[in-house]
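First comes the structure, then the notes that go with it.
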Amino acid sequence: MPRKDLRRRVVITGMGVVSPNGVGNRAFSDAVLQGRSGVRRISRFDPSEIPVQIAGEVPDFDELAWVEKRERKHISRVLPLALAAATEALQDSGIDHASLPLEQKRRFGVILGSGGGSQEFTEEQYRLFFHQDYKKMSLFCIPTGVMGTLSSDLSVRFGLLGASHVVTTGCTSSTDAFGYSLRQIQSGRLDMVLSGGADAPIALGIVKGFILMKILTDSWNHAPERGSRPFSVDRDGFVLAEGAWMFVLEEYEHAHARGAKILAEICGYGSTCEAFHRVRLQECGEEPARAIGLAMSEAGIGPDDVQYVNLHGTSTQLNDRIETRALKLALGERAREVPMSALKSQIGHPQGACGAAGVAATVVAMHTQQLPPTINLDNPDPECDLDYVPTIGRKKAIEHAICNCIAFGSKNSALVLRKSA
């Protein structure tokens with residue numbers, strides 16, 4: 001189908017990853033294609049007194065490689081995660097941010113997504129406050145706890161003077177950050193954007209909050225790597241996770257002029273709200289399907305043009321069932337022919353960063369022509385009856401892929417990626 005307009009094209013020219021199953025693009029790619037789990041017993045605090053003891057932690061991550069020791073008490077873990085991924089993305093894109101001319105820095109923004117931002121930092125500040133351990137509190141407890149500071153810290157570190165925004169829309173945060181970045185570049189306001197997602201929600205109070213909601217699995221403490229089980233009939237909740245997946249987005253002609261390699265094109269974005277409930281989804285799946293349809297419409301494609309879908313796939317009874325229904329509505333009979341997979345089976349659920357994680361897995365799939373598997377899918381739910389590429393990856397050339405996300409608050413967002421020419 002022909003493109004509907006002449007808006008500026010937006011491409012991905014760099015990617016950086018700090019994931020529970022691999023730090024760095026190469027390690028992440030290998031893990032994703034091999035179906036290697038990054039879920040393990042929680043080490044950031046002692047989980048022995050709570051029923052959920054597993055999470056998708058990034059192991060052996062050296063925070064002090066990215067921030068000075070004296071600065072560490074004043075920031076959240078999410079910042080070094082984001083800095084590490086962003087630094088790799090810039091390097092992967094071939095950009096020396098320090099030598100950019102002033103005008104280029106002014107047209108280079110930072111727009112990222114995070115569900116909780118520095119929430120674990122704020123939790124620690126409250127702990128110190130209520131224990132009257134005031135001298136250990138950070139003098140930056142307020143500015144670090146403000147969501148928008150995360151993008152500012154990246155802008156400061158890299159000297160980028162364009163718009164600096166944090167999009168926080170729950171689990172769709174980084175998908176929506178891509179959408180806003182897309183619009184900024186399409187409209188000509190910016191030429192480049194450092195975009196993606198980062199979250200670090202593995203803290204005792206946050207985990208207890210999710211336990212109260214009864215949406216984390218407590219059945220796999222004995223075998224953490226088996227805990228995240230999207231679309232399996234015995235799934236009973238998601239696995240909380242952390243990580244950062246960052247990208248350089250760039251106007252196509254700008255990228256072409258500097259000889260940048262192009263990883264993929266972002267050619268469609270759609271977002272809807274069911275206006276139904278702060279947590280639950282409607283069973284019908286109509287609004288998630290409409291978000292996918294809007295993204296496909298902008299990309300100028302139909303169901304027959306889709307070769308792969310990267311699913312939200314949380315491993316909760318409700319989400320997996322309704323997402324399956326939504327894909328059937330969006331793609332019609334074609335839904336049964338399109339292979340799909342859920343990265344969360346390997347890494348758990350990194351909250352607002354999960355959309356960016358899905359984009360990273362999709363870029364890997366496009367360039368290796370190898371689909372990531374959905375692991376732990378031993379016994380599919382009869383109501384989840386699509387091709388989720390269970391257990392073992394599969395060879396497949398991809399021209400167009402859908403990356404889908406669903407969030408608390410009835411939010412739904414989707415992207416369409418096109419393989420670079």
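Exactly one residue out of 110, 166, 156 is surrounded by fewer than 24 Cβ atoms within 10 Å (Cβ to Cβ), outside the structural domain of residue 277 (by TED's automatic domain parsing), β-branched (Val, Ile, Thr) and outside any helix (DSSP H, G or I): that is 166.
Is there a residue being surrounded by 18 or more Cβ atoms within 10 Å (Cβ to Cβ), in the same structural domain as residue 238 (by TED's automatic domain parsing) and over 19 Å from the mean Cα position of the chain (by Cα) anywhere in the range 192-201?
So in the range 192-201, the residues surrounded by 18 or more Cβ atoms within 10 Å (Cβ to Cβ) come out as 192-201.
Of the ones still in play, those that are also in the same structural domain as residue 238 (by TED's automatic domain parsing) are 192-201.
Keeping just the survivors that are over 19 Å from the mean Cα position of the chain (by Cα) gives 192.
Among the residues of the range 192-201, at least one is surrounded by 18 or more Cβ atoms within 10 Å (Cβ to Cβ), in the same structural domain as residue 238 (by TED's automatic domain parsing) and over 19 Å from the mean Cα position of the chain (by Cα), which makes the answer yes.
Checked against the criterion of being outside the structural domain of residue 20 (by TED's automatic domain parsing), surrounded by 23 or more Cβ atoms within 10 Å (Cβ to Cβ) and touching a helix residue (DSSP H, G or I) at 6+ places or on another chain (Cβ under 7 Å), the candidates 415, 386 yield just one match: 415.
Among residues of the range 300-325 that are within 19 Å of residue 281 (Cβ to Cβ), those with a beta-carbon under 6 Å from a residue that is buried (at least 24 other Cβ atoms within 10 Å of the Cβ) and of a type in the set (S, T, N, Q) at least six positions away or on a different chain give the pairs 310/362; 311/404; 312/404; 315/228. When the residues of the range 204-258 are filtered to those that are of a type outside the set (Lys, Arg) and free of Cβ contacts under 8 Å to residues at least 60 places away in the same chain, the one that is nearest to residue 101 (Cα to Cα) is 257.
Suppose the filter is under 30 Å from residue 91 (Cβ atoms), in the same structural domain as residue 42 (by TED's automatic domain parsing), modelled with pLDDT of 95 or more and touching a Gly at 6+ places or on another chain (Cβ under 7 Å); does residue 182 pass it? No; evaluated as a whole, the condition is false for this residue. Of the residues making up the range 394-410, those that are surrounded by 20 or more Cβ atoms within 10 Å (Cβ to Cβ) and either under 15 Å from the mean Cα position of the chain (by Cα) or modelled with pLDDT of 95 or more (or both) are 398, 400, 401, 402, 403, 404, 405, 406, 407. When we screen 38, 22, 94, 14 for residues that are assigned by TED's automatic domain parsing to the domain that holds residue 242, more than 19 Å from residue 247 (Cβ to Cβ) and modelled with pLDDT of 95 or more, the only hit is 38.
Among the residues of the range 220-256, the ones that are under 29 Å from residue 122 (Cα atoms) and polar (S, T, N, Q) come to 2 in all.
The values are calculated or read from the model by the stated rules, or taken from the named source; none is laboratory data. Quick caveat: nothing in here was measured; it's all calculated off a predicted structure. Methodologically, a virtual Cβ is constructed for each residue, glycine included, from the backbone with ideal geometry; neighbour enumeration extends over all protein chains shown.
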